[in-house]
Amino acid sequence: MNKPQVGIIMGSESDLKIMREAAEVLKEFNIDFELTVVSAHRTPERMMEYAGSAKERGLKVIIAGAGGAAHLPGMVASVTSLPVIGVPIKSSNSIDGWDSVLSILQMPSGVPVATVALNGAKNAGILAAQIIGSTDKVVSDKIVAFKKQLKEKVETSIREIKIAGYTNEFDKD
């Protein structure tokens, strides 16, 4: 295994069912990553050490998932110059996920956190790959191929709907 380029962290092990989606995307793009639990509230010293050493350890992006008050992404962003992608997680103590979304989204000026949708770890993985791909042609080419597959899937759906006899003015031949 090569040196990880992306760090995936979460506030607790219960977040793993969501955060593993980011890991799966990075595996698809052959981007090395590390994954661990780092709690802003229960292990603040660990969080500070993780974020403070991330760049020197070779990380280029951090994906941080958290539920409830969801301070982890913002606190990590306050300690590192690396891009941080926040994944708000609808947890058992959550206010329908809104507390997590707003905690990550409403960062003060100077401490940005890119925020994906509630439970949107897959998009966080894709965004991390796009960030890596901005300076890595191999990864960039994989992103282009991935986007092409998305387009082809939609075009197939359009054809299947036409075959089923449904039409609309926009798709008239």
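Okay, here's what the table says:
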{"quantity": "The chain: calculated mean residue ellipticity at 222 nm from DSSP helix runs of at least 4, using -39500 (n - 2.57)", "calculated": "-14500 deg cm²/dmol"}
{"quantity": "Fewest-first ranking of T43, T80, T156, using other Cβ atoms within 10 Å as the exposure measure", "calculated": "T156, T43, T80"}
{"quantity": "Per-residue Cβ neighbour rank within 10 angstrom, fewest leading, S94, S157, S14", "calculated": "S157, S14, S94"}
{"quantity": "D_trans [Stokes-Einstein, Kirkwood Rh over alpha-carbon pairs] for region 6-135, 20 °C, 1.002 mPa s, µm² s⁻¹", "calculated": "153 µm²/s"}
{"quantity": "Over region 71-113, relative contact order from alpha-carbon pairs under 8 Å, at least 6 apart, %", "calculated": "45 percent"}
{"quantity": "For region 1-85: relative contact order, % (alpha-carbon pairs under 8 angstrom, 6 or more apart)", "calculated": "37 percent"}
{"quantity": "Cleavage-rule hits, trypsin sites (Lys or Arg not before Pro), region 50-157, DSSP coil, Cβ neighbours within 10 Å at most 12", "calculated": "R57"}
{"quantity": "Overall form of region 78-173 per C-alpha gyration tensor (a/c, 1.5; a/b vs b/c)", "calculated": "oblate"}
{"quantity": "Cleavage-rule hits (GluC sites (Glu not before Pro)) in region 1-58: DSSP loop, at most 11 neighbouring Cβ within 10 angstrom", "calculated": "E56"}
{"quantity": "Sparse-neighbour loop sites [chymotrypsin sites (Phe, Trp or Tyr not before Pro); region 91-170; at most 16 other C-beta within 10 Å; DSSP]", "calculated": "Y166, F170"}
{"quantity": "Taking the chain and dividing mean pair separation by its residue count, relative contact order in percent (alpha carbons under 8 Å, at least six apart)", "calculated": "21 percent"}
{"quantity": "GNM top mover of G58, G11, G86 - the chain, alpha-carbon springs below 10 Å", "calculated": "G58"}
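Readers should treat all values here as calculations from the given coordinates under stated rules, not as data from a laboratory. The shown structure was predicted, so the numbers you read here are calculated from the model rather than taken from an experiment. Glycine also receives a Cβ, built like all others from the backbone with ideal geometry; neighbour counts cover every protein chain displayed.
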